[in-house]
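Notes follow once the structure below has been shown.
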Amino acid sequence: MNTQTAIQVAGVSKWYGAFQVLKGIDLTVRKGERIVICGPSGSGKSTLIRCMNRLEVHQEGSIVVNGIELTNQLKRIDRVRSDVGMVFQHFNLFPHLTVLENCTVAQRWVRRLPKKQATEIAMKYLERVHIPEKADKYPGQLSGGQQQRVAIARALCMNPSIMLFDEPTSALDPEMVKEVLDTMISLAADGITMVCVTHEMNFAREVASEVVFMDGGQIIERNQPDILFSAPTHERTKRFLGKLL
Ligand code: ADP
Ligand code: MG
């Protein structure tokens, strides 16, 4: 595999029982690329992105992340996960830990960093997402937008080369969407590889190297955002975008 490839998904199929959720997905993400995945609810977007760090297991095809093929070998899964940050729709912060503790827990127990160093790194990233003053609060004391920015900071604390986002703004009140998108836009500007499931088309226009449209467990088409949005090839893409734009 090319060393410039961050993620290579080749011929990936997956079933939930008898239901085939992914149907022969091929997708290459080059280092530094920012891929936006969109498509109707139930089309398999979350499943695909979760397969990329083995939160879900595929049954056919291969997924190679930074040169490591994802198999059941735990060692490989750990190596991949330590290099891939993930941000979910519902933040998934630990409610009984402070913001700072949320950001240091994996550094201390997975990276085995001393408390002082983990705290320094956490504060650096909390500053990066503009909420260092919330370090001693609990997630429940923060707005949704602030919690999501903590989730992004927490992921960044592990120094990932790839960030996966699964609809990071879709659980937020409209007035909080921008602060999270702005954080993601600034990450994109730093050159981190990003795969982001989102329907925020302005975000896609601004940062995506390519937009992938999924429907029914398949990639229907992918293209640069300006091309995909202005001249989609497939009827299904047109119909979907017609509802969004
Ligand atoms: P999307 O993120 O595009 O909305 P998902 O990947 O979440 O789609 O789900 C794709 C399909 O797989 C949906 O029909 C969903 O109901 C089904 N599905 C998702 N997770 C499971 C699961 N754990 N067990 C069974 N079916 C699932
Ligand atoms: Mg989803």
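The values are calculated or read from the model by the stated rules, or taken from the named source; none is laboratory data. Keep in mind that this is a model prediction, so the values were computed, not measured. Cβ coordinates were reconstructed from backbone atoms using ideal geometry, including for glycine residues, and neighbour counts include every protein chain displayed. For accessibility, only protein heavy atoms count, side chains too; no ligands or nucleic acids. Shrake-Rupley method; radii C 1.70, N 1.55, O 1.52, S 1.80 Å.
Measure nothing fancy, just the Cα-based angle from helix 99-109's long axis to the longest principal axis of the chain, in degrees from 0 to 90, nearest 10.
So the inclination is approximately 80 degrees.
Could you pull the accessible area for Glu210 with a 1.4 Å probe, rounded to 10 Å²?
Spelled out: Glu210, probe radius 1.4 Å, area about 40 Å².
Below 11 angstrom from the Cβ of Ala135, what's the summed charge of the other residues (Lys, Arg +1; Asp, Glu -1)?
Around Ala135, the charge tally is -2.
Can you tell me what share of the DSSP beta bridges in the range 97-245 is antiparallel? A percent to the nearest 5 is fine.
Percent antiparallel among DSSP bridges in the range 97-245 is about 50.
Per residue, how much accessible surface does the chain expose to a 1.4 Å probe? Answer in Å², no decimals.
47 Å²
Tally Lys/Arg at +1 and Asp/Glu at -1 over every other residue whose Cβ is under 14 Å from the Cβ of Ile162; what's the total?
Charge balance in the 14 Å sphere: +3.
Taking the Cα centre of the range 162-245 as origin and charging only Cβ (+1 Lys, Arg; -1 Asp, Glu), how large is the dipole, in debye to the nearest 20?
It comes to approximately 420 debye.
Taking 26 Å as the cut-off for C-alpha to C-alpha distance, list the pairs among Lys115/Lys137; Lys45/Lys178; Lys14/Lys178; Lys45/Lys115; Lys75/Lys137; Lys31/Lys75 that go past it.
Details: Lys115/Lys137 18 Å; Lys45/Lys178 22 Å; Lys14/Lys178 34 Å; Lys45/Lys115 37 Å; Lys75/Lys137 35 Å; Lys31/Lys75 23 Å.
In this structure, Lys14/Lys178; Lys45/Lys115; Lys75/Lys137 exceed 26 Å between Cα atoms.
What does the range 1-124 give for Rg and for Dmax, in Å, if only its C-alpha atoms count?
16.6, 50
Please report the Cα spread of the chain along all three principal axes, rounded to whole Å, starting with the longest.
The principal-axis extents, from largest down, are 53, 43, 35 Å.
Which sequence of Ile49, Ile121 reflects their accessible areas, 1.4 Å probe, from the largest down?
The ordering from most to least exposed comes out as Ile121, Ile49.
Roughly how tilted is helix 144-156, in degrees to the nearest 10 and between 0 and 90, from the longest Cα axis of the chain?
90 degrees
How much of the accessible area of the chain, in percent, comes from carbon and sulfur atoms when a 1.4 Å probe is used? List each step's numbers first, then the result.
Working: 5640 of 11520 Å².
Its accessible area is 49 percent carbon and sulfur atoms.
What is the magnitude of the charge dipole of the range 112-227 about its Cα centre, with +1 placed on the Cβ of each Lys and Arg, -1 on the Cβ of each Asp and Glu, and no other charges, expressed in debye to the nearest 20?
It comes to approximately 740 debye.
Any idea what the alpha-carbon Rg over 2.2 N^0.38 Å comes to for the range 1-50?
Normalised Cα radius of gyration, the range 1-50: 1.26.
If the viscosity is 1.002 mPa s and the temperature 20 °C, what translational diffusion coefficient in µm²/s does Stokes-Einstein give for the range 116-236 when Rh comes from Kirkwood over Cα pairs?
In µm²/s, the coefficient is 136.
Taking the Cβ of Phe19 as the centre, find all other residues whose Cβ is under 15 Å away and add up their charges (Lys, Arg: +1; Asp, Glu: -1). Provide the component values of the computation, followed by the final result.
Details: positive: Lys14, Lys23; negative: Glu56, Glu60.
That sum, taken over residues with Cβ under 15 Å, equals 0.
Given only helices, namely DSSP H runs of n ≥ 4 each adding -39500 (n - 2.57), what is the per-residue ellipticity at 222 nm of the chain, to the nearest 500 deg cm²/dmol? All intermediate terms of the calculation are to be shown ahead of the outcome.
Details: 9 runs with 92 residues, N = 245.
-11000 deg cm²/dmol, from helical runs alone.
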